[in-house]
1. Pairs needed: first member in segment A:234-258, more than 7 Å from every other protein chain (Cβ to nearest Cβ); second member anywhere, outside any helix (DSSP H, G or I) and open to solvent by 30 Å² or more (accessible area, probe 1.4 Å); C-beta distance under 7 Å; at least 6 residues apart or different chains.
2. Please go through (1) out of contact with any helix residue (DSSP H, G or I) (no Cβ under 7 Å at 6 or more places or on another chain); (2) surrounded by fewer than 18 Cβ atoms within 10 Å (Cβ to Cβ); (3) in a loop (DSSP other than H, G, I, E, B) for A:LYS456 and return the number of the only condition it doesn't satisfy.
3. Being open to solvent by less than 60 Å² (accessible area, probe 1.4 Å), touching a Pro at 6+ places or on another chain (Cβ under 9 Å) and more than 14 Å from chain A (Cβ to nearest Cβ) is the requirement here; does B:LEU295 meet it?
4. For segment B:109-121, check the following and say yes or no: at least one residue is under 20 Å from the mean Cα position of the chain (by Cα), more than 19 Å from B:MET198 (Cβ to Cβ) and surrounded by fewer than 22 Cβ atoms within 10 Å (Cβ to Cβ).
5. Against the definition (open to solvent by 60 Å² or more (accessible area, probe 1.4 Å) and either in contact with a Lys or Arg (Cβ under 8 Å, 6 or more places away or on another chain) or within 14 Å of chain B (Cβ to nearest Cβ) (or both)), how does A:TYR110 come out, yes or no?
6. Give segment A:533-563 a look and list any residue that's open to solvent by 90 Å² or more (accessible area, probe 1.4 Å) and either in contact with an Asp or Glu (Cβ under 9 Å, 6 or more places away or on another chain) or of a type in the set (S, T, N, Q) (or both), or say none.
7. Quick check, is B:MET270 part of a helix (DSSP H, G or I), open to solvent by less than 50 Å² (accessible area, probe 1.4 Å), over 29 Å from B:ILE92 (Cβ atoms) and not aromatic (Phe, Trp, Tyr)?
8. Restricting to segment A:410-427, and then to whatever is in contact (Cβ under 8 Å) with a residue 60 or more places away in the chain and surrounded by fewer than 16 Cβ atoms within 10 Å (Cβ to Cβ), can you tell me which residue is farthest from A:TYR439 (Cα to Cα)?
Amino acid sequence: MKGKHKRFADRLSANVLLITSILILVTLTIVALQVFTDLAEHSREDAARDLHTEILRMEESLEEAEVAVSNASWVVNDMRKDEEALKRITRQILLSNPYLRGASVSFIPYGFDPEVKYFAPYSIRNEAVPDAVFTFQRGSVDYDYPTMDWFQIPQLLGKPYWSDPYFDENNTGLQLVSYAYPLKDDAGSVYAVLSVDVALTDLIGLVDELKPYPNSMSLLVAKNGSFIYHPDKSRIMNSTIFSEPMEAGDTGWIGIARDMMAGKTGLAEAEGWSGRVLVVYETLRNGWPMALISPYRDIFRDSSRMINFLVIVAILSLLALFFVSRKMILRQTQPITEFSFAALSMAKGNFQSHIPEVASGDEMQNLHDSLEYMQKSVSSYIAELKATTASNERYAGELDIARKIQLNMLPDFRINDGRVGLHAVMCPAKEVGGDLFDYQIRDKYLYFLVGDVSGKGVPAALFMAITRAAFRFISGLGLDISKIVGRVNNTLAEGNKSTMFVTLFAGKLDLETLELHFCNAGHNPVVIVPPGGKPYFLKVKPNIACGLFEGFAYESESITLEKGTRLFVYTDGVTEAEKADKSQYGEDRLLEWAAGMDRYADEEAAVEGILSELRTFAAGNEQNDDITAMAITLK
Amino acid sequence: MRFLRYISAILLVAASSAAASGQSLTSMRFRPQWTAQAQFAGYYVAAEKGFFKEEGIALQIDHLPLNSTESSLDALLRGDVDVISNQLIPSIVARSQGRKIVNILQVSQNSALMCVSHSPITAPDVLHGHRVGRWKSGFHELAEIFFNDEHVEVEWVPFIRSINLFVSGAVDATLCYSYSEYFELLLAMGEINPICTMRFSELGYNIPEDGVYVTEQYYNSHKELLAGFARAVRKGWDYAREHKDEALDIVMREIEKNNVSSNRYMQKLMLDEILRLQLNPITSEYDYAPVDVTLYDYLQKGLVSNGNIKSPVEYGSLIKTFED
């Protein structure tokens with residue numbers, strides 16, 4: 001029992017735990033989603049702002065070169081026929097701008113001197129000596145600058161051009177980008193390109209430091225897609241922004257790359273090396289796209305920690321909730337265990353078992369009160385039942401005694417002298433019956449009687465006792481049989497407030513003359529079986545049953561029988577013996593049976609025989625009426 | 001006596017092995033017509049795998065300097081190198097100009113020449129009057145013949161080696177090879193609309209390109225050696241086709257050695273395309289067959305009418321084969 005009780009507490013607290021967990025989970029999820037959404041929003045704004053700031057800074061550096069060039073362009077234009085002046089200008093540009101690595105004024109083929117194909121005064125720094133500048137002519141068959149990008153593109157476009165990064169193996173041995181400015185004559189044709197060179201390393205020096213988050217990284221891309229800056233230095237100039245995504249078939253990154261190369265400003269999410277990353281991108285004024293990539297893991301780290309902390313706190317709280325509520329439930333429901341003990345004890349018959357006291361005024365109180373009431377009412381019901389059972393047993397005992405008394409009233413001796421044989425049996429339907437028979441031999445007469453009191457059970461048995469006692473006494477007065485029956489009738493009818501009556505057949509047989517005087521009082525016709533002849537019902541005057549009308553004048557009749565005649569006297573319990581289908585034994589069957597009476601050895605056997613017949617006929621159906629059978633043989 | 005016999009035996013063995021190593025390997029200098037890349041994978045693989053050594057050749061691969069404006073042909077004629085890789089058309093032109101070179105192996109079986117434009121090339125005359133980029137060192141004869149046939153006049157803009165000219169918009173269209181600049185353009189721009197491209201191989205101008213060339217003089221005096229060279233080269237390309245990853249490794253090493261800026265993905269794309277171009281369209285086999293005679297004659301007519309050569313170059317004078 002204890003185990004079951006514990007499981008109830010567990011189940012209830014588990015349900016509480018489950019519901020609470022769901023609620024907490026939902027709440028935490030909503031909170032987390034809100035936090036991360038806000039955070040994502042802010043991080044995007046912050047990243048875009050950081051990138052923009054960095055781009056502005058880079059554009060400042062680029063602007064230095066652009067300004068240096070545009071400042072020099074008008075001077076170059078003025079001096080374009082003066083070789084020495086042009087050389088000086090290139091030197092001056094370098095000296096005024098420590099940021100620049102090289103400066104050159106490169107003329108279109110034969111543009112300076114129709115005899116000379118290449119004319120490109122060019123100054124570069126002497127790394128060994130600070131502020132020292134080398135100036136020389138750059139063009140040659142081996143350095144055919146007119147077919148180089150930094151010259152050709154601005155020449156063809158007619159616009160200033162920031163070149164894509166290239167490796168200047170011929171002169172500086174550095175990775176450079178050049179800003180090239182086409183110089184136009186009055187007709188608008190390009191006659192030379194004024195260019196300055198910036199070292200890649202100078203340009204991207206601080207890009208590395210743009211790290212709003214620990215694992216942020218930046219990308220700076222040239223117009224032809226190749227990297228000007230990449231955290232993996234080996235990629236710079238060796239691969240393009242499309243190389244890796246195309247090789248991997250990563251459509252996400254390819255899309256971002258296309259947007260960047262199209263000069264768009266925006267943001268996107270993509271898969272990085274270790275999870276999702278935020279990518280913000282913007283294009284510099286000169287057409288170079290730049291991107292700032294931050295892993296979401298970094299962005300969400302602090303918030304993740306907070307949420308993790310909340311989750312742990314929640315889990316611990318839920319566990320505590322589980323155990324505390326379980327304990328509380330156990331305590332609250334302790335009386336239930338005791339109630340169930342008491343109920344079990346009651347079922348076993350102990351109505352004094354203790355019901356624990358409860359005064360909480362709630363459902364427990366109701367349960368306690370109901371149990372207490374049940375205990376009291378069952379207890380008194382059982383006591384009543386005991387008394388009733390005891391009185392029933394007493395009654396049954398008395399009935400048993402009454403049965404014995406009744407049976408004792410009936411003669412049980414067999415008459416079997418040489419003149420006549422007689423045997424009779426009464427089988428009551430209940431403990432006591434309403435049938436009776438009697439017989440005695442006095443002098444030369446055999447007096448016999450079979451009667452059937454209306455009804456059955458104790459009332460009929462009492463009436464039967466009176467009838468039998470009256471017949472015994474009156475038949476000893478030597479009267480005529482009709483007078484005997486009349487007096488019995490008067491005795492019964494006197495003061496008979498109940499409508500009980502008794503049918504009877506009384507006979508007085510002269511044993512010498514074999515004359516039978518008889519009086520029938522509403523009873524079943526007697527069966528006569530002449531020796532060697534067919535049985536028949538004795539014709540009788542019906543008169544009326546006894547006990548109804550005081551003073552009724554009964555008439556008797558007589559018949560002379562011969563030796564060997566059998567008589568069968570009975571009550572309607574015989575003819576009205578029922579099968580299960582309510583069909584009755586009937587008079588025809590009785591006659592049939594009576595025709596074979598001589599097969600029986602004696603009267604006792606005959607009586608037994610009819611009883612056996614009836615039992616067979618009834619086939620297990622309950623006996624509905626008292627059965628009396630009396631067989632008489634005249635010897 | 002015995003001692004002497006031992007000594008002489010040892011000396012004999014040493015001498016003969018020295019002689020063997022000295023005599024069996026002839027040194028040859030090879031120059032591909034461009035910088036180190038998967039375009040010449042077969043040669044690198046053959047060298048690495050010792051196929052040249054098997055043929056008694058100690059091969060030295062000597063690439064063009066990066067910004068050089070001269071061609072491998074110039075170096076061959078000067079005698080700086082013994083054998084070069086070169087394209088068919090420039091070789092025909094050179095031969096017609098009296099430069100006595102011969103072809104001993106035709107590696108490429110298809111034209112890789114393409115034209116990529118910023119706007120759709122619905123018909124060739126779309127490019128009329130447009131600026132079209134071409135290599136400074138030539139290789140555009142086929143395109144010239146084509147445009148002449150189509151009566152389209154373009155403004156040729158020579159470049160050295162990069163695609164920045166096209167990407168920056170300085171030219172309207174550019175010639176490129178399907179195995180090199182095409183991929184560079186793709187990796188620079190992210191996508192190329194096929195409608196903006198033109199492949200000469202699909203327009204009836206499918207002239208093979210890369211082959212192995214030597215001077216006629218060298219050929220006459222080194223026939224057996226060159227037969228071996230051709231065998232080794234074929235073997236190298238066959239091996240590369242069977243072992244692409246290994247070939248790529250070899251190519252990447254060569255690239256790093258020569259300080260060329262590229263990446264493995266770009267080289268992989270190039271190698272796949274180069275190998276594809278080696279499939280003979282007539283026999284559908286990788287047979288390194290010499291150029292088809294009919295096609296060759298057809299080409300001569302085009303070159304003559306384009307003014308590249310004065311008169312056709314006789315097939316047999318240029319194209320040599322070996323019996324093996």
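The values are calculated or read from the model by the stated rules, or taken from the named source; none is laboratory data. These numbers were taken from a predicted model, which means no experiment stands behind them. FYI the Cβ positions are ideal-geometry reconstructions off the backbone, even for glycines, and counts take in every protein chain you see. Protein only, heavy atoms only, side chains kept; ligands, DNA and RNA dropped before computing areas. Shrake-Rupley method; radii C 1.70, N 1.55, O 1.52, S 1.80 Å.
1. From segment A:234-258, the pairs are A:GLY252/A:GLU271.
2. (2)
3. Numbers: open to solvent by less than 60 Å² (accessible area, probe 1.4 Å): yes; touching a Pro at 6+ places or on another chain (Cβ under 9 Å): yes; more than 14 Å from chain A (Cβ to nearest Cβ): yes.
Yes; evaluated as a whole, the condition is true for this residue.
4. Applying the first criterion (under 20 Å from the mean Cα position of the chain (by Cα)) to segment B:109-121 yields B:109-115.
Then drop every residue that is not more than 19 Å from B:MET198 (Cβ to Cβ), which leaves B:109.
Retained after the next criterion (residues that are surrounded by fewer than 22 Cβ atoms within 10 Å (Cβ to Cβ)): none.
Checked segment B:109-121: no residue is under 20 Å from the mean Cα position of the chain (by Cα), more than 19 Å from B:MET198 (Cβ to Cβ) and surrounded by fewer than 22 Cβ atoms within 10 Å (Cβ to Cβ).
5. Yes; evaluated as a whole, the condition is true for this residue.
6. Scanning segment A:533-563 gives A:LYS539, A:GLU550, A:THR560.
7. Numbers: part of a helix (DSSP H, G or I): yes; open to solvent by less than 50 Å² (accessible area, probe 1.4 Å): yes; over 29 Å from B:ILE92 (Cβ atoms): no; not aromatic (Phe, Trp, Tyr): yes.
Taking the combined requirement at face value, the residue does not satisfy it.
8. Checked segment A:410-427; the qualifying residue farthest from A:TYR439 (Cα to Cα) is A:GLY418.
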